[in-house]
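Here the structure is laid out as structure tokens; the discussion comes afterwards.
The values are calculated or read from the model by the stated rules, or taken from the named source; none is laboratory data. Not measured: the values here are computed from a predicted model. Here Cβ is always computed from backbone atoms with ideal geometry, including for glycine, and neighbour counts include all displayed protein chains. In case anyone asks, the SASA skips ligands and DNA or RNA and just uses the protein heavy atoms, side chains included. Shrake-Rupley method; radii C 1.70, N 1.55, O 1.52, S 1.80 Å.
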Amino acid sequence: MIRKCYPYGKKKAFNVTYDDGVLQDVRFVELLNRYGLKGTFNLNSALMENEFEWVHEKGCVVKRLRTDVVKSLYAGHEVASHTLNHPYMHGLSKEGILWELSQDKRNLEELFGEEIKGFAVPFDYYSDLIEECVKECGFAYGRISEMSHSFRPQNDYYRWKATVFHCEDAMEGLTQQFVETDEELALFQIVGHSYDLDTENMWDRMENVFQIIAKQDAILPMTTIEIIEYLKAMEKAEITDQYIQNHSEISLWFAVNDIIYEIRPTERVAL
């Protein structure tokens with residue numbers, strides 16, 4: 001029996017993808033780091049530059065982090081684009097969408113000194129035109145606002161769905177189901193904003209989820225781009241009863257009759 005695995009033979013992957021780059025991310029990143037987990041943080045570079053802030057209806061101040069804070073804060077995690085100014089995109093022309101995406105990508109790459117490969121749409125509007133612009137700007141994926149409520153990996157990388165929004169009642173139940181599932185390449189991804197953890201008094205709730213995930217040896221913490229690049233590479237694998245051929249540029253991992261194999265780039269392993 002051949003089973004596809006994540007790196008190091010892990011059966012499952014876990015990620016959180018949080019939007020906006022706000023002050024509460026400081027505490028949230030500390031929590032992720034404490035449990036050895038990985039996040040993807042989707043930023044609006046123009047709003048960081050002017051330290052944009054607003055007051056939530058529940059009285060919590062939501063303030064964008066300064067550019068001189070974010071570089072060290074998100075070390076070891078993924079930074080992705082969330083548009084330049086966080087606009088409602090349903091009224092934008094193609095030129096306006098391309099500007100929001102390309103300029104944010106350019107600013108973030110200059111700030112962090114690395115390629116920005118991911119995009120997460122602001123609010124809940126997504127369209128064929130936005131998808132076209134995401135591709136034109138050279139992003140590897142586009143995360144939308146719709147949730148999958150599934151552990152099956154997505155196969156449309158430009159309409160990527162996370163598993164669950166963290167304010168949903170279903171989060172804890174899905175966490176337990178994820179621990180118990182035997183789905184191949186199972187993936188659990190939580191989406192949200194760290195300021196919700198203040199407004200909804202959710203810090204303990206999230207830490208309980210992290211404690212459960214961190215105890216599971218079969219779960220590998222990954223960023224969104226690490227997950228997607230791995231899944232894309234796995235799609236190129238040639239799997240037969242006699243051999244497995246890796247046609248990608250990264251190592252792939254398989255369990256063959258419960259024996260873990262690392263198959264290096266371009267390598268063919270006889271079974």
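Structure above, values below:
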item	result
Karplus 3J(HN,Hα) series, Hz, for the range 81-87 with 6.51 cos²θ - 1.76 cosθ + 1.60 (x for Gly, Pro)	7, 10, 6, 5, 10, 6, x
Spacing of the two label points (7 Å from each Cα toward its C-beta) at S145 and E110, in nm	3.0
Distance cut-off 27 Å, percentage of C-alpha pairs in the chain lying past it	40
DSSP bridge orientation in the chain - percent antiparallel, rounded to nearest 5	40
Accessible area expressed per residue, the range 16-61, with surrounding protein chains retained (probe 1.4 Å, Å²)	43
Two-site label geometry, Y35 and K232: point separation in nm, points 7 Å out along Cα→Cβ	2.9
Long-range HN-HN contacts of A80 with modeled amide H, under 5 Å	F41, N42, L43
Non-local Lys pairs in the range 129-247, i.e. 8 or more apart or on different chains, that have alpha carbons under 23 Å apart	5
The range 110-258 shape via C-alpha gyration tensor axes, a/c threshold 1.5	oblate
With at most 16 other Cβ atoms within 10 Å, longest stretch of the chain clear of loop GluC sites (Glu not before Pro) (DSSP)	58-113
Karplus 3J(HN,Hα) series, Hz, for the range 210-216 with 6.51 cos²θ - 1.76 cosθ + 1.60 (x for Gly, Pro)	5, 4, 5, 5, 5, 7, 8
In range of the label at L129: residues from the range 68-112 whose backbone nitrogen is under 15 Å from the point 7 Å along Cα→Cβ	87-101
Translational D in µm²/s for the range 1-56 (Stokes-Einstein at 25 °C, 0.890 mPa s, Kirkwood Rh from C-alpha pairs)	176
Dimensionless Rg over Rh [the range 13-157; C-alpha; Kirkwood]	0.95
Charge dipole magnitude, Cβ of K and R +1, D and E -1 - the range 45-93, Cα centre, debye nearest 20	60
Cut-off 16 Å, label 7 Å out along Cα→Cβ of I260, residues of the range 177-192 by amide N	185-186
Pairs of Lys in the range 26-122 closer than 28 Å at Cα, counting only those 8 or more apart or on different chains	12
Net charge of Cβ neighbours under 14 Å - reference A75; Lys, Arg +1; Asp, Glu -1	-3
Residue-averaged [θ]222 nm for the chain, counting only DSSP H segments that reach four residues, each worth -39500 (n - 2.57)	-9500 deg cm²/dmol
Chain lengthening between H56 and D217 when straightened (0.36 nm per residue, less Cα-Cα)	54.1 nm
Local net charge near G96, Cβ-Cβ under 14 Å (Lys/Arg +1, Asp/Glu -1)	-4
